[in-house]
Amino acid sequence: MLNNFTDNKFFKKEKCRLCLSSDLELVSEFKSTPLANDFVPSSLLDINQPLYPLGILFCESCSHVQLSHVVNPKLMFEHYVYVSSTSQSFVNHFKNYEISILEKYSPAPNSLIVDIGSNDGVLLNFFKEDGFKVLGVDPATNLAVEANNNGIETINSFFTYELSDKLTRDYGKASVVVANNVFAHIDDLHDVTKGISKLLADDGIFVFEVSYLKQVIANNLFDTIYHEHLSYHTLIPLLTFFDNNDMTIIDCEEVDTHGGSIRVVVQKKNGPKPVNDSVRNLINMELKLGLNTIDPILSLSNKIKELNEKLNSLVHDIKNEGLQLIGYGAPAKATTLLYEFELSDQIDYIIDDNPLKQGLYTPGSHIPVVNADVLRQEIVPEYMIILAWNFAEQIMENNDNYLKKGGHFILPLPDLQVY
Ligand SMILES: [Zn+2]
């Protein structure tokens, strides 16, 4: 249901997305940011990009962690820049994903597989090659057109209960529904889950992959906190959530996509498949880590505050000495980092190796994104902060000449380091 947004571009979350309790504790309020993927060309620099509040809530009732505000998804997902097939490691990941579903759950030959948030159809394509009927659903018009052109039938829409009703009439029931990296993006998960249940055959399974809060905390991935990611999931609150929606989690595993995710398998309540021990094991691990309490997310938030102070004082010193600071890497998550650490006015430009990003300007603060030519000059900028810090090792390796010319790398996370 998308009708919370009749006039407004965002609204404040008053109830837990999963258990509907209003017992929500504000863990942390980060600085407001523009939408993380809204890089702009020079022709649009005159347009002021709005900033949206960015806070983290902890549900005292079910322990779900979620954003304090929900931005209208139409602003983020109707044109989507992230195309799965452009990354070979993703293509391989989805092939293995398909094989794993076939081996573990043997859906009936020629049965229907539906992918919610199907992107360019990369996963469905593998099912199609193995003789299944496939159907994608994706709100991004650009991706739906591409998928349809490539022979993967794709409905250009957000997935809702209402849509599931129509799909069931037009296409019949699905043996498998998948949804990858979308369960964190959806506000009304109850409506969507009701729709999934409607669409599933009685012996069908729903499989989803989503970023795992455990890894966000363990690896200080605080910059993955931005408006597209409404939820930071753990298994414990999801267990109750699905139970309340007449469904049961029957299997789960940790996978390494997006800095650490979980893959979860769900069936209708009283469905035919046994519950795997993996569910109990993962719950025990979460209890051991205290992920059912506010403490882990609170300590991440405190760590970011400390880091912020250290980094600010370093940048202050650099600027006081009249030295130049530039950035390396302009992923979406750099937006949270640039705003929270107040780097926007301190960085002259950002180098990115992706030609599609070069020539654009960062969301809101409009820092130019350029190619790496500047590093090949004799005199290089004195300091370069690695914004794509999860690729730091590779970036430093590829640019070891920069160090030899007297440049310094600043690694902001997981701990502040200067090379
Ligand atoms: Zn809750």
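Descriptive notes on the structure:
- Taking segment 41-75 as the range and being of a type in the set (Phe, Trp, Tyr) and over 22 Å from Tyr361 (Cα atoms) as the test, only Phe58 passes.
- Residues in segment 34-48 that are exposed (fewer than 13 other Cβ atoms within 10 Å of the Cβ) and part of a loop (DSSP other than H, G, I, E, B): Pro41, Leu45, Asp46, Ile47, Asn48.
- Residue satisfying all of: in segment 6-28; away from the ligand (no atom under 16 Å from the Cβ) and in a loop (DSSP other than H, G, I, E, B); surrounded by the fewest Cβ atoms within 10 Å (Cβ to Cβ) among these: Asp7
- Looking across segment 74-95, the residues that are outside any helix (DSSP H, G or I) and of a type outside the set (Val, Ile, Thr) come down to Glu78, His79, Tyr80, Tyr82, Ser87.
- Selected residue (only one of Glu393, Glu378, Glu382, Glu342 is surrounded by fewer than 17 Cβ atoms within 10 Å (Cβ to Cβ) and modelled with pLDDT of 95 or more): Glu382
- In segment 383-397, the residues that are under 25 Å from Gly322 (Cα atoms) form Cβ pairs under 6 Å with partners that are hydroxyl-bearing (Ser, Thr, Tyr), at six or more places apart or across chains, as follows: Met384/Tyr328; Ile386/Tyr328.
- Any hit, segment 98-119, residues being modelled with pLDDT under 95, closer than 19 Å to Phe183 by Cβ, assigned by TED's automatic domain parsing to the domain that holds Asp187 and buried (at least 16 other Cβ atoms within 10 Å of the Cβ): yes
- Selected residue [acidic (Asp, Glu) and over 27 Å from the mean Cα position of the chain (by Cα)] from Asp317, Asp352, Asp345: Asp317
- Which numbered condition Lys31 fails, given (1) away from the ligand (no atom under 15 Å from the Cβ); (2) among the basic types (Lys, Arg); (3) part of a loop (DSSP other than H, G, I, E, B): (3)
- Scanning segment 345-370 for residues that are assigned to a loop (DSSP other than H, G, I, E, B), of a type outside the set (D, E, K, R) and surrounded by 15 or more Cβ atoms within 10 Å (Cβ to Cβ) gives Gln346, Ile347, Tyr349, Gln358, Leu360, Thr362, Pro363, Gly364, Ser365, His366, Ile367.
- Residues satisfying the stated conditions in segment 49-73, i.e. part of a loop (DSSP other than H, G, I, E, B) and within 16 Å of the ligand (Cβ to nearest atom): Glu60, Ser61, Cys62, Ser63, His64, Ser68
- Top-ranked residue of segment 232-270 - restricted to ones that are at pLDDT below 95 and assigned to a loop (DSSP other than H, G, I, E, B), ranked as surrounded by the most Cβ atoms within 10 Å (Cβ to Cβ): Gly260
- Complete set of residues in segment 207-231 that are assigned to a strand (DSSP E or B) and under 26 Å from Asn72 (Cβ atoms): Phe208, Glu209, Val210, Ser211, Ser231
- Against the list (1) acidic (Asp, Glu); (2) over 20 Å from the mean Cα position of the chain (by Cα); (3) part of a strand (DSSP E or B), the condition Glu98 fails is (3).
- Residues (closer than 20 Å to Gln267 by Cβ and more than 26 Å from the chain's Cα centre (by Cα)) located in segment 134-170: Leu167, Thr168
The values are calculated or read from the model by the stated rules, or taken from the named source; none is laboratory data. Worth saying up front: this structure is predicted, and the values here are computed from it rather than measured. Positions of Cβ are backbone-derived with ideal geometry, glycine not excepted, and every protein chain shown enters the neighbour counts.
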